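Please treat every number below as a calculation from the coordinates, not as lab data. All values reported here derive from a predicted model rather than from experimental measurement. Ideal geometry is used to build each Cβ from the backbone, glycine not excepted, and the neighbour counts take in all protein chains shown.
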Amino acid sequence: MQQQLLGGTGDIPGVQIRRLQPWEDERGRLTEVFRNEWHPTLLPVQWNHVRSRPRVLRGVHVHVRHTDHLLVLGGTMLLGLVDLREGTEHFRRSTVLELSGTEPTMVSIETGVAHGFYFPEPADILYSVTHYWDPVTDELGCRWDDAGLGLDWPVSDPILSPRDQNAKSLNALLEELRDTKDKPW
């Protein structure tokens, strides 16, 4: 059976949301989480599993080389998205999506779309990337609570990594992106 492609977020081109079809019987459940035909030009080279505690916020990060494909396996995650591809009509559009392990949904996030993950409860996510993880040159970021992002997070004091605690402003990130050569957008 074909999986249901829900398309973009409606606000941010380059973000695809695909509702996955679980197959259940008395033994349990099987869900296809990735098929090459869904993204024939965006093949994963690395898979990662993330387990987060409640109140953890990861990001906000943006990539200039790799596309993410992510799936919540268990728990709930709020996915904040902001288009940082300057010069496009959708520049700085933002949205927050709620994803749950009970409704398997694959989200693909193209380069130039910033994203942050907030976990209101314990959660596990599986994600792949189309280029190997490079936290120095391909994992750019800014403060999660910068008002310019337009993200309405339901938390005022999340648990952050030291890197995210010391992240720069959105304006500084945009300057860094302007100076980055070979952006695909």
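So, R0 is 30 Å and r is the distance between the beta-carbons of S100 and K181; what FRET efficiency does that work out to, to 0.05? Walk me through the numbers before you get to the answer.
Numbers: r = 39 Å, r/R0 = 1.30.
Working from the Cβ atoms, E equals 0.15.
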- Message: Give me P(r) over the chain, computed from all C-alpha to C-alpha distances, binned every 5 Å, as integer percentages.
- Response: 1, 8, 17, 21, 22, 16, 9, 4, 2, 1, 0, 0
- Quick one: check the C-alpha center-to-center distance for the stretch 11-36 versus the stretch 55-126, whole angstrom. 16
- Item | Protection-proxy order for peptides 127-136, 51-60, each taking the mean of Cβ atoms within 10 Å per residue, highest first | 51-60, 127-136
- Message: Less than 12 Å from a label point 7 Å out along the Cα-to-Cβ axis of N48: which backbone N atoms in the stretch 161-183 qualify, by residue?
- Response: none
- Share of Cα-Cα pairs in the stretch 83-185 lying beyond 24 Å, as whole percent: 28
- Message: Charges at C-beta only: +1 for Lys and Arg, -1 for Asp and Glu. How large is the resulting dipole of the chain about its Cα centre, in Debye rounded to 20?
- Response: 180
- Task: Working from Cα positions, state the angle (0 to 90°, nearest 10) between the long axis of helix 170-179 and the longest principal axis of the chain.
- Result: 90
